[in-house]
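*Asks:* Take a look at the following structure, please.
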Amino acid sequence: MNAITSAERVRLTAPTEFLDYETDAVQAFIDHAVADRAADERRLAVELYYAVRDDVFYEVYGADLSPEGLRASSVATGRKGFCLHKSVLYAAACRAVGIPARLHYGDVRNHLASDRLRSHIGGDVFFHGLNTVYLNGTWVKATPVFNKILCRLYGMKPLEFDGTADSVHHPFDEQGNKNMEFVADHGDFDDVPYTFVMSQMRRKHPRFLDGDGTVRGGSLAAEATG
């Protein structure tokens, strides 16, 4: 067990600049996602996980990476984005129902991607966002990123989460081929470290960026079938 103090719990359930869960958009998202806000924390974490995973469509093209675009309220309103956006919404939603939550970043090899996206990214190593949440006295990793439909298009099993074990990445595709692995871990953050995130994106994926967003004119789902 890895107990947190009462002060840490207060800090890690508070709203922040990016985890703006007091907004109407995030509160409405939570109301739609959970059956009962008074349920136990594990159940709430799981319900929110599947709502973020499947009700916010995973799309990398045209994603808004401005400070406004990376706020939880913007993600809850637009209902699309990639790992950087979806991890923000999940952290905010968990905090809103009293679950301590943080953002976690790393680099992964052979992320879910088309050939065209790999060309934009500049290889098969991607800067990646996920979460850690505090449940039943311990921190567990959660990755509510790749929605079920997109996973099926790319021949991957959707990543599940039960609130007790880490849900981190897809190590194998449906044919048993090696699919994903972490190659660097950047650790946990209480809020989006915006300067750090954007410096990582600009340094590692310069061809993928266009001002305050990502390149337009694509669809990851369409590229899976085309």
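The values are calculated or read from the model by the stated rules, or taken from the named source; none is laboratory data. This one's a predicted model, so the numbers in the text were calculated from it and none came from an experiment. Every residue, glycine among them, receives a Cβ derived from its backbone with ideal geometry; neighbour counts consider all protein chains shown. Keep in mind that these areas ignore ligands, DNA and RNA; they rest on the heavy atoms of the full protein, side chains included. Shrake-Rupley method; radii C 1.70, N 1.55, O 1.52, S 1.80 Å.
*Asks:* Using amide H atoms built 1.01 Å from N in the peptide plane, name the residues 5+ places from K80, or on other chains, whose amide H lies under 5 Å from its own.
*Replies:* Distant-sequence amide H within range of K80: F57.
*Asks:* Next up: Which ³J(HN,Hα) values in Hz, rounded to whole numbers, follow from the phi angles of the range 181-198 under the Karplus curve 6.51 cos²θ - 1.76 cosθ + 1.60, where θ = phi - 60° and Gly and Pro get x?
*Replies:* Per-residue couplings from phi come out as 7, 7, 10, 7, 10, 9, x, 9, 9, 6, 8, 4, x, 4, 4, 5, 4, 6 Hz.
*Asks:* I'd like to check one number: the per residue accessible area of the chain, probe 1.4 Å, reported in Å² as a whole number.
*Replies:* 42 Å²
*Asks:* What list of ³J(HN,Hα) couplings, whole Hz, do you get for the range 3-13 from phi and the Karplus terms 6.51, -1.76, 1.60, once you set θ to phi - 60° and write x for glycine and proline?
*Replies:* Rounded to whole hertz, the list is 5, 10, 7, 5, 5, 5, 4, 4, 5, 8, 10.
*Asks:* State the extension gain, in nm to one decimal, for the chain segment bounded by K157 and A35, taking 0.36 nm per residue of separation less the distance between their alpha-carbons.
*Replies:* So the chain would gain 41.3 nm between K157 and A35.
*Asks:* Given points 7 Å out from each Cα along the Cα-Cβ axis, report the E22 to S66 separation in nanometres with one decimal.
*Replies:* Once both label points are built, they end up 2.4 nm from each other.
*Asks:* Along the range 209-226, what does the Karplus equation 6.51 cos²θ - 1.76 cosθ + 1.60 (θ = phi - 60°) give for ³J(HN,Hα), rounded to whole Hz, x for Gly and Pro?
*Replies:* Each residue's phi maps through the Karplus curve to give 9, 9, x, 8, x, 9, 4, 9, x, x, 8, 5, 5, 5, 5, 6, 9, x Hz.
*Asks:* Would you please name the trypsin sites (Lys or Arg not before Pro) within the range 192-226 that are DSSP coil residues with at most 16 other C-beta atoms within 10 Å of their C-beta?
*Replies:* R216
*Asks:* Leaving out ligands, DNA and RNA, what percent of the accessible area of the range 6-217 is carbon and sulfur, probe 1.4 Å?
*Replies:* C and S atoms contribute 48 percent here.
*Asks:* For the range 82-172, what is the relative contact order in percent, using Cα pairs closer than 8 Å and at least 6 residues apart in sequence?
*Replies:* The normalised contact order for the range 82-172 reaches 26 percent.
*Asks:* How far is helix 41-55 tilted off the main Cα axis of the chain, in degrees rounded to 10, range 0 to 90?
*Replies:* 30 degrees
*Asks:* Taking the Cα atoms only, what angle lies between the long axis of helix 83-96 and the longest principal axis of the chain, rounded to 10 degrees?
*Replies:* 10 degrees
*Asks:* Now, a different point. Check which residues have an amide H placed less than 5 Å from D210's amide H, if you skip close sequence neighbours.
*Replies:* For D210, the qualifying residues are V215.
*Asks:* Match the structure shown to one of the listed values (1) 8, 32, 37, 19, 4, 0; (2) 8, 36, 38, 16, 2, 0; (3) 7, 27, 30, 21, 11, 3, 0 of P(r) over Cα pairs in 10 Å bins from 0, in percent, computed from it, and give that label.
*Replies:* Label of the calculated value: (2).
*Asks:* Can you compute the helix-only [θ] at 222 nm over the chain? Use -39500 (n - 2.57) per DSSP H run of at least 4 residues, normalise by all residues, nearest 500 deg cm²/dmol.
*Replies:* After summing the helix terms and dividing by residue count, I get -10500 deg cm²/dmol.
*Asks:* Taking amide H positions as placed 1.01 Å from N in the peptide plane, with prolines and chain starts having none, which residues 5 or more places from V183, or on another chain, fall under 5 Å of its amide H?
*Replies:* Residues meeting the amide H criterion: D107, V108, R109.
*Asks:* Could I ask something else about it? What FRET efficiency do you get for F196 and R11 if R0 is 25 Å and r is their Cβ-Cβ distance, rounded to the nearest 0.05?
*Replies:* 0.80
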